[in-house]
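J.: For reference, the structure I am asking about is given below.
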6 protein chains.
Amino acid sequence: MGKLVEEFNTYRAKMNTKILASENKVMKRIYSLDTLTYQDGALSAKNKEMLGLATSMVLRCDDCIKYHLEKCYEYGVTTAELFELFGVTNMVGGTIVIPHTRRAVEYWEELTSREI
Amino acid sequence: MGKLVEEFNTYRAKMNTKILASENKVMKRIYSLDTLTYQDGALSAKNKEMLGLATSMVLRCDDCIKYHLEKCYEYGVTTAELFELFGVTNMVGGTIVIPHTRRAVEYWEELTSREI
Amino acid sequence: MGKLVEEFNTYRAKMNTKILASENKVMKRIYSLDTLTYQDGALSAKNKEMLGLATSMVLRCDDCIKYHLEKCYEYGVTTAELFELFGVTNMVGGTIVIPHTRRAVEYWEELTSREI
Amino acid sequence: MGKLVEEFNTYRAKMNTKILASENKVMKRIYSLDTLTYQDGALSAKNKEMLGLATSMVLRCDDCIKYHLEKCYEYGVTTAELFELFGVTNMVGGTIVIPHTRRAVEYWEELTSREI
Amino acid sequence: MGKLVEEFNTYRAKMNTKILASENKVMKRIYSLDTLTYQDGALSAKNKEMLGLATSMVLRCDDCIKYHLEKCYEYGVTTAELFELFGVTNMVGGTIVIPHTRRAVEYWEELTSREI
Amino acid sequence: MGKLVEEFNTYRAKMNTKILASENKVMKRIYSLDTLTYQDGALSAKNKEMLGLATSMVLRCDDCIKYHLEKCYEYGVTTAELFELFGVTNMVGGTIVIPHTRRAVEYWEELTSREI
């Protein structure tokens, strides 16, 4: 894993711990519901992570994109599949999605440890 | 097909014809690129339509939702799969997606000609 | 209660019943978590409904606005308080919030059974 | 003027009167600042209305689109210019802008009293 | 005050000075109207800052969040109140608000000079 | 050219090359269509770049803003024109556009090599 991936995960883990430590019931349930949401069901976990990634892209949330890219990588999404997902999200969401696609490609390169 | 489906498709077809008749090159290419985007490739057309639907839901575009619901129905997406997609989009996009989910369910009932 | 209020509540109740009947676990938990979110706590339910209304306004979701307007009315929010909330949301969210403010005023008139 | 134009303007005028009658200082100043924003200056009023229309399209506010379409029409924007603006906004904002473009074309036909 | 708070305020002050120095009438009035918006009235300044924070969170503007966090801190919003506001904004706006919540918690720790 | 401009262009060029090298047909056509969109036509390229900038501002995409600021600078947009465009976008999009306006002013200073 490269530097971008490590930095993102370290910060994410540290702050999530604080949010959960706050004992706010709504925030805690959002976190546990979020885990439930992406589990295998009528749709596979892989397909759900692709939905999570695509929706994060059109809503243009770089941290959400990083998180779902990792999950997609774990579930074996290929680079060709990823770029087709980029095609859909850049069409639906427009060219304002391009800068997020650039950063997604950079993060994907780190995850896969190879240049595209 | 029920009334909602018919009204949507009639208006959509009528106005698309006008937009394409305008001979604006950019608009025409957007339309043809849109068709290309959802064709079978590394991802199946069915999976791409689900990505189109999910992104339309979090961006809260009712007409886009209707369009992709029809395509999902044509490609055999089941009601159980659809509701899992609703789960993802309502989690990612929040409770502001609920009103669009209500209208999506109503449209889906018309498409499938049966009550949920 | 006037026509707008009745129509909104009838449709909302009918479709919510269908969504909950689907037995999709994620959707069901979102609904129950939504109820929990607005209960009295460190912040009063009234203040939380005002937060719900303000966030719905800047995200420009008319149905969400209607729902929270009703709750604000039940909790005794005054017309003067409401307009100050409109001031904040129209400043933060810009003039694209104005059309939603117009519809909010119309709905508020029905709720309070008097013209503004 | 056709039916869509008349309905929009009647409702808009009626509700704006109520909002201004509320004597909320922030809302009143937003309205007067809004008028100031689109006056001739370093940029012409025509160019500013096109900026107002383009931003309303990517933010997908149909009422704002209608308002600025009328102003663009008054300032002599041509149908060819309008469609090039549609090209930019559909590229920047993506295919979720298409349904709003369809309704914009319908409104423009009423304003210009001729079919496209 | 810690490093995040200082950096944000220094940059913000420097650039605001430039914007106001430009003598653009609309921009100047937006700034002065913004100040007016959050003053005590039918709603307290504290409540208005919470509305400002909540709307900034669902619109996902980190700088706006920082600004309103400072104001909320000045007006005595407690950590428990803040987390209930986070609950509302993460429910309304969805899990895409989580990364902004993480950064908000980090900023709040600096403002209050203690770890959560 | 200053540091911000150079960094933005270097990263942008590097990642665009990778995206185009992926041979994904949809992404490639989006890029070429994007170029076509801003060419002289019924509207001048200068006017189209201002539309591109204004829409990027209300959608709050800093990288898109930087790109269109450069193009606006190349086409001779003046600082006075730019600030009037800022007026429109901050009114339409609200005060959440202010932080992006601050960064836009900083970038414009680098492009024009003079302080505002």
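J.: Please go through the range B:61-76 and pick out each residue that is open to solvent by 20 Å² or more (accessible area, probe 1.4 Å) and under 17 Å from D:G93 (Cβ atoms). Talk me through it step by step, then tell me what you get.
T.: Taking the range B:61-76 as the starting set, the residues that turn out to be open to solvent by 20 Å² or more (accessible area, probe 1.4 Å) are B:62-63, B:66-67, B:70-71, B:73-76.
Of everything in the range B:61-76, those that are open to solvent by 20 Å² or more (accessible area, probe 1.4 Å) and under 17 Å from D:G93 (Cβ atoms) turn out to be B:D62, B:D63, B:Y67.
J.: I'm told E:S22 meets every condition in (1) touching a residue at least 24 places away in the same chain (Cβ under 8 Å); (2) touching a Phe, Trp or Tyr at 6+ places or on another chain (Cβ under 7 Å) except one. Can you identify the failing condition by its number?
T.: In the conditions (1) touching a residue at least 24 places away in the same chain (Cβ under 8 Å); (2) touching a Phe, Trp or Tyr at 6+ places or on another chain (Cβ under 7 Å), E:S22 misses (1) alone.
J.: Next question. In the range F:97-114, what count of residues is obtained for those that are open to solvent by less than 10 Å² (accessible area, probe 1.4 Å) and β-branched (V, I, T)?
T.: Residues in the range F:97-114 being open to solvent by less than 10 Å² (accessible area, probe 1.4 Å) and β-branched (V, I, T): 3 in total.
J.: Another question, if that's okay. Tell me, yes or no, whether the range A:8-20 has at least one residue that is within 25 Å of C:Y31 (Cβ to Cβ), among the β-branched types (V, I, T) and more than 16 Å from the chain's Cα centre (by Cα). Even if it seems obvious, please write down each step before you answer.
T.: To start, the set of residues in the range A:8-20 that are within 25 Å of C:Y31 (Cβ to Cβ) comprises A:16, A:19-20.
Those still in the list that are among the β-branched types (V, I, T) too: A:19.
Imposing the further condition that a residue be more than 16 Å from the chain's Cα centre (by Cα) reduces the set to A:19.
Yes; the residues of the range A:8-20 include at least one that is within 25 Å of C:Y31 (Cβ to Cβ), among the β-branched types (V, I, T) and more than 16 Å from the chain's Cα centre (by Cα).
J.: Here is a follow-up. For the range D:27-72, what are the residues that are more than 19 Å from the chain's Cα centre (by Cα) and not small (G, A, S)?
T.: Step one: filter the range D:27-72 for residues more than 19 Å from the chain's Cα centre (by Cα), giving D:27-29, D:41-42.
Of everything in the range D:27-72, those that are more than 19 Å from the chain's Cα centre (by Cα) and not small (G, A, S) turn out to be D:M27, D:K28, D:R29.
J.: Also, quick follow-up: Condition (residue is within 14 Å of chain B (Cβ to nearest Cβ), open to solvent by 10 Å² or more (accessible area, probe 1.4 Å) and free of Cβ contacts under 8 Å to residues at least 40 places away in the same chain) applied to the range E:77-95: is it met by at least one residue?
T.: Residues of the range E:77-95 within 14 Å of chain B (Cβ to nearest Cβ): E:86-95.
Among the residues that remain, those that are also open to solvent by 10 Å² or more (accessible area, probe 1.4 Å) are: E:91, E:95.
Of the ones still in play, those that are also free of Cβ contacts under 8 Å to residues at least 40 places away in the same chain are E:91, E:95.
Yes: one or more hits.
J.: More than 9 Å from every other protein chain (Cβ to nearest Cβ), closer than 28 Å to E:R29 by Cβ and charged (D, E, K, R): is that true of F:R114 in this structure? Explain how you work it out, then say what you get.
T.: Values: more than 9 Å from every other protein chain (Cβ to nearest Cβ): yes; closer than 28 Å to E:R29 by Cβ: yes; charged (D, E, K, R): yes.
Considered against the rule, which asks whether it is more than 9 Å from every other protein chain (Cβ to nearest Cβ), closer than 28 Å to E:R29 by Cβ and charged (D, E, K, R), F:R114 comes out as yes.
J.: Moving on to the next point. With the checklist (1) out of contact with any Leu (no Cβ under 7 Å at 6 or more places or on another chain); (2) buried (at least 17 other Cβ atoms within 10 Å of the Cβ) in hand, flag the one item F:A54 doesn't pass.
T.: Here F:A54 meets the rest and fails (1).
J.: I've got another one for you. Scan the range A:10-40 residue by residue and report those that are among the acidic types (D, E), loosely packed, with under 13 Cβ neighbours inside 10 Å and within 11 Å of chain E (Cβ to nearest Cβ).
T.: Residues of the range A:10-40 among the acidic types (D, E): A:23, A:34, A:40.
Keeping just the survivors that are loosely packed, with under 13 Cβ neighbours inside 10 Å gives A:23, A:40.
Within the range A:10-40, A:E23 is the sole residue that qualifies.
J.: Let me ask something additional. Only one of (1) more than 15 Å from the chain's Cα centre (by Cα); (2) farther than 29 Å from A:R114 by Cβ; (3) polar (S, T, N, Q) is not met by F:N24, so which one is it?
T.: If we test F:N24 against (1) more than 15 Å from the chain's Cα centre (by Cα); (2) farther than 29 Å from A:R114 by Cβ; (3) polar (S, T, N, Q), just (2) comes out false.
J.: Name the pairs: first residue in the range B:49-73 and under 16 Å from B:P99 (Cβ atoms) and touching a residue at least 24 places away in the same chain (Cβ under 8 Å), second residue open to solvent by 10 Å² or more (accessible area, probe 1.4 Å) and not in a helix (DSSP H, G or I), Cβ to Cβ under 6 Å, at least 6 apart or on different chains?
T.: B:V58/A:L59
J.: OK, next. Looking at the range C:42-51, can you tell me whether even one residue there is within 14 Å of chain F (Cβ to nearest Cβ), buried (at least 20 other Cβ atoms within 10 Å of the Cβ) and within 20 Å of E:G52 (Cα to Cα)?
T.: Here is the first cut: in the range C:42-51, the ones within 14 Å of chain F (Cβ to nearest Cβ) are none.
Taking every residue of the range C:42-51 in turn, none turns out to be within 14 Å of chain F (Cβ to nearest Cβ), buried (at least 20 other Cβ atoms within 10 Å of the Cβ) and within 20 Å of E:G52 (Cα to Cα).
The values are calculated or read from the model by the stated rules, or taken from the named source; none is laboratory data. These figures come from a predicted structure and were not determined experimentally. Cβ coordinates were reconstructed from backbone atoms using ideal geometry, including for glycine residues, and neighbour counts include every protein chain displayed. Quick note on the areas: whole protein, heavy atoms, side chains included, nothing else; ligands and nucleic acids left out. Shrake-Rupley method; radii C 1.70, N 1.55, O 1.52, S 1.80 Å.
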